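A quick write-up on the structure given underneath.
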Amino acid sequence: MATIPSAPRGQLFIWTDVDPAHDPDFNRWYDREHMQERIGIAGFERARRFRAAAACPRPYLALYDTENLQVFRSTEYRQAFARQTEWSRRNFARMRDTQRRVGELTVDAGEGEGGALALFVLADLSMPPAQLEPHFRRTVEREHVVRASLLDTDLALSSPLSADAPPARADRVAMVEATDVDAAFDAAQRLARQLSVDAADGGVYVFRTLWRLGA
């Protein structure tokens with residue numbers, strides 16, 4: 001079971017809300033163009049979409065895993081980011097309260113993917129991944145949990161999607177995947193307590209998988 005990779009994979013993390021009036025077109029764009037466009041970039045391994053299973057300030061989540069962080073510094077990715085389609089530009093303008101993170105999966109415990117994912121944000125960067133890893137490893141030993149990972153945000157690469165979006169923060173995101181929503185949520189809450197994260201400060205949010213693309 002891999003836990004701390006020798007060369008951590010990169011990840012693009014997009015967590016957003018959208019104007020309900022444009023929800024159908026937003027989903028059609030993601031499902032018919034955007035994920036295919038991103039997975040076509042060299043170094044992108046898979047793309048996944050999620051929708052919140054309970055109350056959440058940003059009901060949509062998209063995760064893109066790459067071979068490493070260098071993929072986001074490649075000419076091909078920079079060109080794709082700079083040359084968005086008209087459909088993309090329209091939907092970027094409709095996204096609200098978006099959090100865009102690019103970083104490394106410095107801890108990645110478990111195997112496979114779950115039908116549900118729960119996450120919480122950590123502002124504390126003081127503990128190195130090697131010290132955090134045992135908590136994630138124990139999390140995947142819980143019943144119905146299949147994966148637990150930690151995304152360390154790279155501020156230089158995490159530029160916002162629009163000029164009016166808030167700047168990226170130096171933080172981490174813990175994610176727990178399980179075979180059902182309750183198991184993912186319960187395991188993430190337990191992990192948050194172990195890491196001394198105040199659930200009132202943002203809290204734990206849970207999502208159902210919509211679909212995936214890639215290897």
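Can you tell which of PHE120, PHE44, PHE92 shows the greatest fluctuation in a Gaussian network model of the chain with Cα springs below 10 Å?
Residue with maximal mean-square fluctuation among PHE120, PHE44, PHE92: PHE92.
Using just the helices of the chain, give the 222 nm mean residue ellipticity in deg cm²/dmol: DSSP H runs with n ≥ 4 each add -39,500 (n - 2.57), and the total is spread over all residues, rounded to 500.
-7000 deg cm²/dmol
Among THR66, THR153, THR179, determine the one that fluctuates most according to a GNM of the chain built with springs between C-alpha atoms less than 10 Å apart.
THR179
With contacts defined as alpha carbon pairs under 8 Å and 6 or more residues apart, what's the relative contact order of the stretch 97-215 in percent?
Relative contact order of the stretch 97-215: 38 percent.
If I model a spin label at ARG137 and ARG73 as a point 7 Å from the Cα along the Cα→Cβ vector, what separation in nanometres do I get?
3.0 nm
In whole percent, what relative contact order does the stretch 10-214 give with Cα contacts below 8 Å and a gap of six or more residues?
Reported relative contact order: 28 percent.
What list of ³J(HN,Hα) couplings, whole Hz, do you get for the stretch 16-31 from phi and the Karplus terms 6.51, -1.76, 1.60, once you set θ to phi - 60° and write x for glycine and proline?
8, 10, 8, 4, x, 5, 10, 4, x, 5, 4, 5, 5, 4, 4, 7
Values quoted throughout were computed directly from the atomic coordinates according to the rules given, and no laboratory measurement underlies them. Here the structure is a predicted model, which means the values were calculated and not measured. Quick reminder, even Gly has a Cβ in these numbers, built from the backbone with ideal geometry, and neighbours come from all protein chains shown.
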